[in-house]
1. Determine the distance separating the Cα centre of the stretch 159-176 from the Cα centre of the stretch 67-139; give it in Å without decimals.
2. How big is the equivalent ellipsoid of the stretch 1-175 along its three axes, where each semi-axis is √(5λ) from the Cα gyration tensor, reported in whole Å from largest to smallest?
3. Ranked highest first by average number of other Cβ atoms within 10 Å, how do 54-66, 100-112 line up?
4. For the stretch 229-289, compute Rg over Rh where Rg is the Cα radius of gyration and Rh is the Kirkwood radius from the inverse mean 1/r over Cα pairs.
5. Using the Karplus curve 6.51 cos²θ - 1.76 cosθ + 1.60 with θ = phi - 60°, work out ³J(HN,Hα) for each residue of the stretch 187-194 in order, rounded to whole Hz, and write x for Gly and Pro.
6. Please compute the contact order of the chain in relative form: average sequence separation of alpha-carbon pairs under 8 Å and at least six residues apart, divided by the residue count, as a percent.
7. Any idea which of PRO165, THR238, ILE200 is furthest toward the positive side of the dipole for the chain, if Lys and Arg beta-carbons carry +1 and Asp and Glu beta-carbons -1?
8. How large is the charge dipole for the chain, taken about the Cα centre, if only the Cβ atoms of Lys, Arg (+1) and Asp, Glu (-1) carry charge, to the nearest 20 debye?
Amino acid sequence: MAQQVEKQYKIDRPVTWRDYYEMTKPKVVYLLVFTAVVGMFLANDVSVSWLPPINALVWGTLGIAFAAGAAAVVNHVVDARIDTIMARTMQRPVAQGRVEPKKAILFATFLGVIAMAMLWYLVNPLTAVLTLGGLVGYAFIYTMFLKRATPQNIVIGGLSGAIPPLLGWTSVTGSADPYAWLLVLIIFTWTPPHFWALSIHRIEDYAKAEIPMLPVTHGEEFTKTSILLYCILLILSTLLPYLTGMSGLIYLVGAVILGAWFLYYCVVLKYRETDGVAMKTFGVSIGYLTFLFAVLLIDHYLKPVIGF
C-alpha cells in the first residue's frame, strides 16, 4: 500500500515541519489532551494541593499528546488512498505525496516510543499500558479494520478516543478509579452524535470512498434519529457524576444547560434541517464537550469552598 501511494502521487512542494505537524491532527489532539488534563485535576485531592503532581502534569500531558499524535500519523498513512477521494482530506501531506509513507511511519514510531518511555518511566506503567491500548485501538483496530467493516465503526472504535480522561486520572493516582470511567462513558456516548453529524455533512465523500459510515449504509433520516437518541443517552450519562457524588450542584446545573443546548441542535437536525445544520451540530458538539469538562473542573475546585 505504501509503495502504491509513493508511485501515484508527486510531491508538489518541498516538505516542511508543518506537514509533520499536520499529520498529528493537532486540533483533535488538543481536545483529547484537554480532557486528559481535566482528568488529572479531577483526580487531584484539592485539600492537599491545588495542583496535581508535576510529573503527571508535565510528562503525562506530553506522553498522552505524543501517543495521540502517533496514532494520527498512522491514520494518515493507512487512509492515504481514500483521503485523495474525500474533499475534507485530499490535501493531507501523505495523500498529496509531500511526506512519503515510510517517513511518516518512522515519525509515528518516534512519537510512540518517546510517549511510552515518558509515561512508563516518568509517570507510571499503568498509564503507559492504557495509552498504548488507546494508540493501538485507534491506529490499527479502528483505522485498519472497523472503519471499513461496519457502520458501527465509530461506536465500537470510540472507546480509544474516550480514554484520555482515564489516562489523566491514572497519571495522578496510579489506579483506574470508577469516577474516571464515568468520564470515559461520557465521551464514549458523545462520540457517535458528534461524528455522525460530520458524516451527514460529508456523506458524498464517504460514499465515494466506500466507507460504510451510518448515513451511507442506513440513510440520513436513520442517522439523524440515532444522533437524537444518543444525545438523550449522553445527557443521562452526564448526570451520573452528580448522582454518584463525584460532582456538585455547579456541575449539575452546567450539565443540564449544556445538554439542552446540544439537544436543541440535534432536534433541529432531525426535524427542521437546513443547509449547514449538520456541520453546525458538529461544531456545537465540540463546544459542548469542552464546556462540560470545564464545568466539571470548576465544580471540583469550588465544591469544597461553597459546600455543595
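1. 19
2. After scaling each eigenvalue by five and taking roots: 32, 17, 13 Å.
3. 54-66, 100-112
4. With Rg and the Kirkwood Rh in hand, the quotient comes to 1.05.
5. For the stretch 187-194, the Karplus-derived couplings read 5, 4, 6, 6, 4, x, x, 4 Hz, x marking Gly and Pro.
6. Once divided by the residue count of the chain, the mean separation gives 19 percent.
7. Toward the positive end, the furthest listed residue is ILE200.
8. For this selection, approximately 540 debye.
Any read-out appearing in this document is the output of simple, stated calculations on the displayed coordinates, not a laboratory observation. Just so it is clear, the model here is predicted, and its values are computed rather than measured. Cβ atoms come from the backbone with ideal geometry, glycine included; neighbour counts cover every protein chain shown.
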